2 protein chains.
Amino acid sequence: MKPNDILQQHEVKKTLSRIALIKALQTSEQPLSENEIRDRMLDQYDRITFYRNVQTLSESGILHRIVIDNTHVKYALNCCEKEHHHAIDHVHFYCKECGKTVCLDEVPVQQYPLPDGFKLDECDVVIKGYCKDCPGNHNA
Amino acid sequence: MKPNDILQQHEVKKTLSRIALIKALQTSEQPLSENEIRDRMLDQYDRITFYRNVQTLSESGILHRIVIDNTHVKYALNCCEKEHHHAIDHVHFYCKECGKTVCLDEVPVQQYPLPDGFKLDECDVVIKGYCKDCPGNHNA
DNA sequence: GTAATTAATGAAACAATGTTTCAACTAAAG
DNA sequence: CTTTAGTTGAAACATTGTTTCATTAATTAC
């Protein structure tokens, strides 16, 4: 799907930086870090605009943030019209060696029981380990 | 259990700042943020030492870090001799209104299936919502 | 297509969280 | 009580993210 159409469909302004951001994410199968996005946006990249667009576009359901831990955050387009504003709907895998992050779309999140009176809003599941290409796989 | 004994049992040096850190965490039923710990440590608190002790004491299995998101991190003593170096073994609940964090020790974490060749190391589950004391509970 | 309106941009400055280096110090062991 | 090895705290830095404000670009009306 073209960046232009995505933006129009979600009723946010079509600006050059947003189109460049979406294009950058479309060049990858996997979620990308800010640095990886910056490298793909070249001179279209501005840090402040990036953060603002991440906020706007995630609120409108175009992309979502994946918090691996307090120092690693990834960004990914919402696949296939599923409008997950946060990373509610699927499990994420993070390779501790190469940093590759995978959305495990097909894996449903368990319904965890909460104490009485508590209300669920979202549930983030991050699995950390080693992907099949990484040697860390053989060490432990 | 006394801070001194905890440190001895895990074979790390008994220093004033470590004892103060453990004492601070023992004053609370729930995991605490750095600021909450600082307030409890008073003049025994030093930022750099704090971060170093968090690292040392979590490696030795005395406490663990709970990453709520990229801007909210909590710290908690490992309860009952369970030596979870990371927050592997239990689910955490975070109240989006008051920030209260609860370790749901009794809740087992589902074994999520991974793609072929991928290896699990840890699985972090953070449930966000509203605790029973918070009005956000009634808004949504 | 042009003017008016509204929202987005980018610069500067800031805030929070965490790390590194290095000299001074303290805990544990002999 | 002395030695040794690990710990501390100061200074400086790195990363991620936010706020304000003037400028600029995108949409709407004409």
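A few comments on the model shown:
- Qualifying positions in segment A:104-125 - open to solvent by 30 Å² or more (accessible area, probe 1.4 Å) and part of a strand (DSSP E or B): A:Lys119, A:Leu120, A:Asp121, A:Asp124
- Every residue from segment B:26-59 that is of a type in the set (D, E, K, R), outside any helix (DSSP H, G or I) and open to solvent by less than 80 Å² (accessible area, probe 1.4 Å): B:Asp46
- Flag if B:Ser17 is within 13 Å of DNA strand C (Cβ to nearest atom) and among the hydroxyl-bearing types (Ser, Thr, Tyr): yes
- Residue in segment B:90-105 that is of a type in the set (Asp, Glu) and touching a residue at least 12 places away in the same chain (Cβ under 8 Å) present: yes
- Number of the exception - B:Leu32 against (1) over 21 Å from B:Tyr94 (Cβ atoms); (2) touching a residue at least 12 places away in the same chain (Cβ under 8 Å): (1)
- If you go through segment A:8-18 and keep only what is in a helix (DSSP H, G or I) and under 25 Å from A:His92 (Cα atoms), you end up with just A:Arg18.
- If you go through segment B:1-14 and keep only what is touching a residue at least 24 places away in the same chain (Cβ under 8 Å) and loosely packed, with under 13 Cβ neighbours inside 10 Å, you end up with just B:Glu11.
- Here B:Ile62, B:Ile68 are screened, and the one residue that is more than 12 Å from chain A (Cβ to nearest Cβ), within 16 Å of DNA strand D (Cβ to nearest atom), open to solvent by less than 80 Å² (accessible area, probe 1.4 Å) and at pLDDT 95 or above is B:Ile62.
- Being farther than 30 Å from A:Gly129 by Cβ, open to solvent by 70 Å² or more (accessible area, probe 1.4 Å) and among the charged types (D, E, K, R) is a property that does not hold for A:Lys96.
- Total residues in segment B:23-44, condition more than 14 Å from chain A (Cβ to nearest Cβ), out of contact with any Phe, Trp or Tyr (no Cβ under 9 Å at 6 or more places or on another chain) and away from DNA strand C (no atom under 13 Å from the Cβ): 7
- Flag if B:Cys103 is more than 8 Å from chain A (Cβ to nearest Cβ) and farther than 18 Å from B:Leu77 by Cα: no
The values are calculated or read from the model by the stated rules, or taken from the named source; none is laboratory data. Keep in mind that this is a model prediction, so the values were computed, not measured. Cβ sites come from the backbone with ideal geometry, for glycine too, and all protein chains shown count toward neighbours. Areas reflect the complete protein model, heavy atoms only, side chains present, ligands, DNA and RNA absent. Shrake-Rupley method; radii C 1.70, N 1.55, O 1.52, S 1.80 Å.
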